[in-house]
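Since the structure comes first, as structure tokens, the remarks are kept for the end.
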Amino acid sequence: MTASGIRVLLAALALGLAATPVAVAEGARVDYREWRSAQLLVGTHEGTAFASGGLVVRRPVGVLEHGGRAYEYARWTSPRRATGFDATQAVASWNAATPAGTWLQVEFGRVGPGDEGTSWYVMGRWALGDADVARTSVPDEGDEHGHVDVDTFVAERPLRAYRLRVTLYRAAGTTATPLLRMAGAMASAVPDRFEVPASAPGVARGIELPVPRYSQNVHEGHYPEYDGGGEAWCSPTSTTMVVEYHGRGPTEDELSWVDPGHADRVVDHAARHTYDHDYRGAGNWPFNTAYAASFGLRAHVTRLRSLSELESWIARGVPVITSQSFREDELDGAGYGTAGHIMVVVGFTEEGDVIANDPASPSNAAVRRVYDRRQFENIWLRTKRYRADGTVAGGSGGIAYLVTK
């Protein structure tokens, strides 16, 4: 076992023996709930059945005309989930397989007070491939109760309970079927804040996970139909790094469509298969985790509440993909500012500073960065920030992709 591996083992043991929970930013509330494998047997089934570790179409209950083709469908609706607090946002996640001729639609259902009525909002139409459906978020999903901002349901009034609904589609007259392995959602209430409390270095000090390093910038100009590489591809580049860390990824046959002259063709592949045709970018959060899960991994979007909480994942050997925005002067060593950027936290120095694989780098060799702990924690966890012109913009509030075996 390597020295780094020994540190991970010792940290995991220490984490299991800890008498107190990791520190979290005061006031942040997060509830993540998923239904995976046999847990999908609960809820309401309309033509779905459990097989091969997930839900499939057993008996179609309707037909939809889409893109000039008829698709039969079946549907599953989750049990009611109470958030336990007045949530303000929610993000759905799913893990699924979509063979040729199949796709799925995921909806978030806000349950009314006293459990009466459900308002449904489409969170995404998705397939790993792009032959049957244009993978997309849906515009104008909203009413007086809430609306969808690309990948996030934003509540117009306190959200106290929800359901998820997943519709599985297959080409009419075929026996093909999607396989839904997991459906879940993260509901949260994070107070408006420009600053967050600092956390002390913890169980992951001195651990650096051997995550492959890929630069998004070496792809500048690649495939304009998928937003053209460069700074637009931070999310699929980060997702690729973590998928490969877990020993997974596309085969050479699956990469055959990519220009053989392109470096790191796996990144081009990820960008194509995470591209959101309405958003016109590859940064849709659950589309990225669904892509990671297509390789047999478990993946979802959530919020974490501090670097201490993130450290607990590093201590278990799990790199964490994070979303943040900042001015150039707010993160020493970055050399750029951004309205929204994805990178991978791969470890911590002995002093507790953040070791990140930052794809916004000129080359793969330059991807490894060390960022000041206090600066990084603040730009990642805050929900409000000042632009260079003094106006106020939003922050991610601790958004993270968690991808595990």
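The values are calculated or read from the model by the stated rules, or taken from the named source; none is laboratory data. Remember, predicted model here, so these are calculated numbers, not experimental data. In this analysis, Cβ positions are derived from the backbone assuming ideal geometry, glycine residues included, and neighbour counts consider all displayed protein chains.
LEU297 - would you say it is touching a Phe, Trp or Tyr at 6+ places or on another chain (Cβ under 9 Å) and touching a residue at least 12 places away in the same chain (Cβ under 8 Å)? Give the steps one after another, and end with the answer.
Working: touching a Phe, Trp or Tyr at 6+ places or on another chain (Cβ under 9 Å): no; touching a residue at least 12 places away in the same chain (Cβ under 8 Å): yes.
It is false that LEU297 is touching a Phe, Trp or Tyr at 6+ places or on another chain (Cβ under 9 Å) and touching a residue at least 12 places away in the same chain (Cβ under 8 Å).
Restricting attention to the stretch 222-239, does a residue exist that is more than 20 Å from VAL367 (Cα to Cα), in contact with a helix residue (DSSP H, G or I) (Cβ under 8 Å, 6 or more places away or on another chain) and surrounded by 20 or more Cβ atoms within 10 Å (Cβ to Cβ)? For the stretch 222-239, residues more than 20 Å from VAL367 (Cα to Cα), in contact with a helix residue (DSSP H, G or I) (Cβ under 8 Å, 6 or more places away or on another chain) and surrounded by 20 or more Cβ atoms within 10 Å (Cβ to Cβ): present.
Residues of the stretch 230-258 being in a loop (DSSP other than H, G, I, E, B) and among the acidic types (Asp, Glu), which ones?
Once the filter is applied, which keeps residues that are in a loop (DSSP other than H, G, I, E, B) and among the acidic types (Asp, Glu), the stretch 230-258 yields GLU252, ASP253, GLU254.
For the stretch 73-101, the set of residues classified as under 18 Å from PRO60 (Cα atoms) and touching a Ser or Thr at 6+ places or on another chain (Cβ under 6 Å) consists of TYR73, ALA74, ARG75, TRP76, THR77, GLY101, listed by residue number. Does ALA185 satisfy the condition of being under 21 Å from the mean Cα position of the chain (by Cα), within 26 Å of LYS384 (Cα to Cα), in contact (Cβ under 8 Å) with a residue 24 or more places away in the chain and not assigned by TED's automatic domain parsing to the domain that holds ALA334? Taking the combined requirement at face value, the residue satisfies it. Among the residues of the stretch 49-80, those identified as farther than 21 Å from ALA171 by Cβ, surrounded by fewer than 21 Cβ atoms within 10 Å (Cβ to Cβ) and of a type outside the set (D, E, K, R) are PHE50, GLY53, THR77, PRO79. For the stretch 95-132, the candidate set comprises residues that are more than 20 Å from the chain's Cα centre (by Cα) and hydroxyl-bearing (Ser, Thr, Tyr); within that set, the residue that is surrounded by the most Cβ atoms within 10 Å (Cβ to Cβ) is THR102.
Here is a yes/no grid of residues against (1) hydrophobic (A, V, I, L, M, F, W, C); (2) assigned by TED's automatic domain parsing to the domain that holds GLN375; (3) over 30 Å from ALA315 (Cα atoms):
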{"position": "ALA198", "(1), (2), (3)": "yes, no, no"}
{"position": "GLY202", "(1), (2), (3)": "no, no, no"}
{"position": "ARG205", "(1), (2), (3)": "no, no, no"}
{"position": "PRO224", "(1), (2), (3)": "no, yes, yes"}
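Please count how many residues of the stretch 380-394 are crowded, with 23+ Cβ neighbours inside 10 Å and in contact with a Phe, Trp or Tyr (Cβ under 8 Å, 6 or more places away or on another chain). Residues that pass the stated criteria total 1.
Kindly indicate whether any position in the stretch 210-218 is under 11 Å from ALA282 (Cβ atoms) and crowded, with 22+ Cβ neighbours inside 10 Å.
Yes, the conditions are met somewhere in the stretch 210-218.
Just give me the residues in the stretch 66-119 being more than 20 Å from ARG181 (Cβ to Cβ) and of a type in the set (D, E, K, R), in sequence order. Scanning the stretch 66-119 gives ARG69, GLU72, ARG80, ASP86, ARG110, ASP115, GLU116.
Scanning the stretch 33-48 for residues that are more than 22 Å from the chain's Cα centre (by Cα) and either surrounded by 15 or more Cβ atoms within 10 Å (Cβ to Cβ) or touching a residue at least 24 places away in the same chain (Cβ under 8 Å) (or both) turns up VAL42, GLY43, THR44, HIS45, GLU46, GLY47, THR48.
It is to be established whether one or more residues within the stretch 385-402 are of a type in the set (Asp, Glu), in a helix (DSSP H, G or I) and either more than 14 Å from the chain's Cα centre (by Cα) or assigned by TED's automatic domain parsing to the domain that holds PRO236 (or both). Show your work before the answer.
Narrowing the stretch 385-402 to residues of a type in the set (Asp, Glu): 389.
Of the ones still in play, those that are also in a helix (DSSP H, G or I) are none.
Within the stretch 385-402, none of the residues are of a type in the set (Asp, Glu), in a helix (DSSP H, G or I) and either more than 14 Å from the chain's Cα centre (by Cα) or assigned by TED's automatic domain parsing to the domain that holds PRO236 (or both).
The set of residues in the stretch 259-275 being buried (at least 23 other Cβ atoms within 10 Å of the Cβ) and not in a helix (DSSP H, G or I) consists of TYR275 alone.
Pairs meeting the criteria (first residue in the stretch 125-151 and over 15 Å from GLY67 (Cα atoms), second residue crowded, with 17+ Cβ neighbours inside 10 Å and of a type in the set (Lys, Arg), beta carbons under 8 Å, at least 6 apart or on different chains) are VAL138/ARG125; HIS145/ARG110; GLY146/ARG110.
Of all residues being assigned to a strand (DSSP E or B) and among the polar types (S, T, N, Q) in the stretch 301-334, which is farthest from VAL91 (Cα to Cα)? Just the residue, please. Restricting to residues being assigned to a strand (DSSP E or B) and among the polar types (S, T, N, Q), the top hit is SER325. Residue count for the stretch 147-170, restricted to those that are more than 15 Å from ALA183 (Cα to Cα) and either outside any strand (DSSP E or B) or among the hydrophobic types (A, V, I, L, M, F, W, C) (or both): 7.
For ARG135, are the conditions met, namely being in the same structural domain as SER93 (by TED's automatic domain parsing), more than 20 Å from ILE399 (Cα to Cα) and crowded, with 21+ Cβ neighbours inside 10 Å? Criteria met by ARG135.
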